[in-house]
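I have a structure here, written as structure tokens, and I will follow up with some questions on it.
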Amino acid sequence: MFKVIQRFVGPASLSLLTFKVYASSKKDSPHKDTVKVNELSLYSVPEDQSKYVEEPRTQLEESISHLRHYCEPYTSWCQEKYSQNKPKMQSLVQWGLDSYEYLQNAPPGFFPRLGVIGFAGVVGLVLARGSKIKKLVYPPGFMGFAASLYYPQQAIVFVQVSGEKLYDWGLRGYIVVEDLWKENFQKSGNVKNSPGNK
């Protein structure tokens, strides 16, 4: 037998009392009917002889399932487009917020310049009466001219960049037209026998 002495912690008057607890090893104790934890009534679970049976689907559930299967390609397409356009829309919203903040704290003289540029666009729209091509060319042209008077450095950069882009587009268009001309209108035999190719 093992002797275990334990001090009992209780109220202040009983804190000095000592109790002796005797414990015996398993070798010395006789085998009794031991009860397992799951055999206790608190933990016992009645054994069920049941099995899962799926309920038949109602007509409403069938129609909803059919509708979901029918709409699945469209919803996946929408989710894909949403994930593609979400960064663009976030950048557009950020640009709008930045523009709003800039307009709230605009530099002095910004709004009069903006008014002159807008008025130049209205004048271009008035002068472009009668022709749709003039309506497409005059207002942006007049607004660009007025903006270049107030912002000459930015206008020079814009003209250089747009000129390079126009040159690239013109060169690409020329190459495409040349390839189409060679494929459709010039045959290999006609080119060699033509009077201009001697």
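Condition first: farther than 26 Å from Gly124 by Cα and outside any helix (DSSP H, G or I). Now tell me which residues in region 136-188 satisfy that.
Residues satisfying the conditions are Phe185, Gln186, Lys187.
Which of the residues belonging to region 88-111 are open to solvent by 100 Å² or more (accessible area, probe 1.4 Å), part of a helix (DSSP H, G or I) and not aliphatic (A, V, I, L, M)?
Residues satisfying the conditions are Lys88, Gln90, Trp95, Tyr100, Glu101, Tyr102, Gln104, Phe111.
List pairs: first in region 144-171 and basic (Lys, Arg), second open to solvent by 70 Å² or more (accessible area, probe 1.4 Å) and in a helix (DSSP H, G or I), Cβ under 9 Å, 6+ apart or cross-chain?
Final answer for the pair search is none.
Search region 126-161 for residues being surrounded by 15 or more Cβ atoms within 10 Å (Cβ to Cβ) and among the hydrophobic types (A, V, I, L, M, F, W, C), and hand back the single one that is farthest from Leu114 (Cα to Cα).
Ala128
Let me ask something else. Yes or no: Glu72 closer than 25 Å to Tyr150 by Cβ and either in contact with a Leu (Cβ under 6 Å, 6 or more places away or on another chain) or among the acidic types (Asp, Glu) (or both)?
Criteria not met by Glu72.
So, one more: Name the pairs: first residue in region 98-112 and over 15 Å from Tyr151 (Cβ atoms), second residue open to solvent by 100 Å² or more (accessible area, probe 1.4 Å), Cβ to Cβ under 9 Å, at least 6 apart or on different chains?
Leu103/Phe111
The values are calculated or read from the model by the stated rules, or taken from the named source; none is laboratory data. Not measured: the values here are computed from a predicted model. Because the Cβ atoms are built from the backbone with ideal geometry, glycine has one as well, and the counts that use them run over all protein chains shown. Accessible surface is based on the protein model in full, side chains and every heavy atom, while ligands, DNA and RNA are left aside. Shrake-Rupley method; radii C 1.70, N 1.55, O 1.52, S 1.80 Å.
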